[in-house]
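Okay, so here's the structure we're looking at.
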Amino acid sequence: MTGMSGSIGIDDLAMASASHVLDLRVLAEHNGSEVGKYYVGIGQSQMSVATEDEDVVTLGAAAARPILDRGGESLRSSIRTLLFATESGIDQSKSAGVYAHGLLGLGPACRIVELKQACYSATAALQLALGIVARDPREKVLVIAADIARYPLDSPGEATQGAAAAAFLVGQDPALVALEPVTGLHSDNVHDFWRPNDRSEAIVDGKRSLGSYLRSLEGAWNDYRDRGGRPFEEIDRFCYHQPFTKMAVKAHDRLCRLAAPGLDAQARAVQLGRSLELNRVLGNSYTASLYLGLLALLQGEEGLEGRRVGLFSYGSGSVSEFFTGIVQPGYTGLVRSAEARETVAARTPVSYERYRDLHTLIDARAGQDYETVRETTGPFRFAGVQEKVRRYEPTAS
Ligand code: HMG
């Protein structure tokens, strides 16, 4: 694939979801909420639920596989860096990327590392990748962002869980989005959302997290403009990190209040495009969420070639970044729209009881050896733990 000469950016982008799905109507029926709170209030209709034999490794490798299939052997040999972004790590020492690298059959001449800063780290991976490619344009960097969002059962955060992955390839003359050099940054040591080492579920102060997200957006935008970034009017579409889709709407309203007061609701909705469509049914996928928003935008709208997209990445704690890219000609034929629709539609509805069982299984099994039941419909499965080692295998599909 070839794009704008000499530019660097996203050459390919693909997604994967966990195999089960829970409609938020089911959750509402059990916890007494009105379904409108979920469908309208937070803008979420479903969430993907990971099976026993799925984790960030299987989801991440599943997202990357179509990229490698399309690129063939020449791509495989050009990938000398694999960056795995996640906050649902499976080991305190060994990178989830090393497991994914093995499942994907990549060659040994590869540097692999896992990155963590809540939902932000895939953007850190992207920035590192840009530097690697700038130094040697022959390099292709594979970035995998995969997460399973977990909050305590019966807590307000429960409706904003999810399980999905995005994978993207960073290279020279990218086929999808050429990234521009100016970025805006904003970091702040805040306790809005975090997960201590002894917990499998996040601790969150919901209201504080919304405030911190919006303040970070303002900070990152102001820094972007101070650094010579484009005026608001020159940015055609906006993609936001989406813990729930309503957050992106709130964020865009906030940015417009700051940078384009007077812009009406219809114009603001056009600027978000179709970027909310995947996240609305997949749920929060933490590190992957922004890039699934970008994928949904590209899948859902023709005629974006040459248009500028603004991207806002937020990771609680917090680190955030605003940056832009230019959509490349020919993108519509490359974004696998039918495959994404099929992935979403093929998920198996899970009963409320099974969803709760799956949720508690992780803590119940901690520290033990066990085998998982065969449930995933993805290309790879987590077979269980044997002698303290996590075992993975391809499935038949
Ligand atoms: P809550 O406090 O139970 O909900 O949980 P609420 O009472 O605020 O209601 C939500 C919205 O629904 C409100 O709209 C209600 O008015 C509306 P708003 O006033 O905000 O516009 N509503 C209804 N609408 C229609 N029909 C109805 C109805 N009832 C109510 N019948 C909360 C919401 C988001 C706090 C909770 O789900 C939560 O704690 N989630 C987790 C935290 C989170 O997602 N934070 C987002 C920002 S931080 C971030 O993005 C980072 C993150 O991804 C982690 C990372 O970086 O790794 C989370």
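Bear in mind these aren't lab numbers, they're just calculated from the coordinates by the rules spelled out. Fair warning: this is a prediction, and the values are worked out from it, not measured in the lab. Every residue, glycine among them, receives a Cβ derived from its backbone with ideal geometry; neighbour counts consider all protein chains shown.
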- Message: Starting from the Kirkwood Rh over alpha-carbon pairs, what translational D in µm² s⁻¹ does segment 183-263 have by Stokes-Einstein at 20 °C and 1.002 mPa s?
- Response: 152
- Query: Given N residues in segment 299-362, what is Rg(Cα) / (2.2 N^0.38 Å)?
  - Reply: 1.73
- Message: If you take every DSSP beta bridge fully contained in the chain, what fraction is antiparallel? Give it as a percent rounded to 5.
- Response: 75
- Query: Based solely on its DSSP helices, what 222 nm [θ] is calculated for the chain when runs of n ≥ 4 H residues each add -39,500 (n - 2.57) and the sum is averaged over all residues, nearest 500 deg cm²/dmol?
  - Reply: -11000 deg cm²/dmol
- Task: Neighbouring Cβ atoms within 10 Å as the yardstick, rank 54, 339 fewest first.
- Result: 339, 54
- Compute the signed sum of charges (Lys and Arg +1, Asp and Glu -1) over the other residues within less than 10 Å, Cβ to Cβ, of residue 45. +1
- Item | Likely footprinting exposure, 385, 204, 327, fewest C-beta neighbours within 10 Å first | 385, 204, 327
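Which order results if 356, 237, 347 are arranged by neighbouring Cβ count within 10 Å, fewest first?
Working: 356 15, 237 22, 347 19.
By the 10 Å Cβ count, ascending: 356, 347, 237.
Tell me the relative contact order for segment 262-351 as a rounded percent, counting alpha carbon contacts under 8 Å between residues six or more apart.
On the way: 82 pairs, mean separation 20.9, N = 90.
With pairs under 8 Å counted, the relative contact order is 23 percent.
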- Message: From Cα pairs below 8 angstrom and at least 6 apart in sequence, can you work out the relative contact order of the chain, rounded to a whole percent?
- Response: 25
- Placed amide H near residue 376: partners under 5 Å, 5+ positions off or other chain: 53
- Query: How big is the equivalent ellipsoid of segment 327-397 along its three axes, where each semi-axis is √(5λ) from the Cα gyration tensor, reported in whole Å from largest to smallest?
  - Reply: 33, 17, 12
- Long-range alpha-carbon pairs in segment 145-298, meaning those over 29 Å apart, account in percent for 19
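Let me make sure I get this right: for segment 1-97, a, b and c are the square roots of the gyration tensor eigenvalues over alpha carbons, sorted descending. Under 1.5 in a/c it's rounded, otherwise prolate if a/b > b/c, else oblate. Which is it? Walk me through the numbers before you get to the answer.
Details: a/c = 2.85, a/b = 1.89, b/c = 1.51.
Note, shape of segment 1-97 comes out prolate.
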- Query: What is the log10 of I(q)/I(0) for segment 49-100, computed with the Debye formula using one identical point scatterer on each Cα and no solvent, at q = 0.21, 0.24, 0.29 Å⁻¹?
  - Reply: -0.83, -0.99, -1.19
- Note down the Stokes-Einstein diffusion coefficient of segment 53-134 in µm²/s, whole number, using a Kirkwood radius over alpha carbon pairs, 37 °C, and 0.692 mPa s. 249
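With a cut-off of at most 12 other beta carbons within 10 Å, and DSSP calling the residue loop, which trypsin sites (Lys or Arg not before Pro) in segment 58-150 qualify? Please list them.
Numbers: sites: 70, 76, 80, 94, 111, 116, 135, 138, 140, 150; in loops: 94, 116, 138, 150.
In loop regions of segment 58-150 (DSSP not H, G, I, E or B), the sparsely surrounded trypsin sites (Lys or Arg not before Pro) are 138.
Is the chain rounded, prolate or oblate when judged by the Cα gyration tensor, a ≥ b ≥ c being the square roots of its eigenvalues, rounded requiring a/c under 1.5 and prolate requiring a/b larger than b/c?
On the way: a/c = 1.57, a/b = 1.13, b/c = 1.39.
Since a/c reaches 1.5 but b/c is at least a/b, the shape of the chain is classed as oblate.
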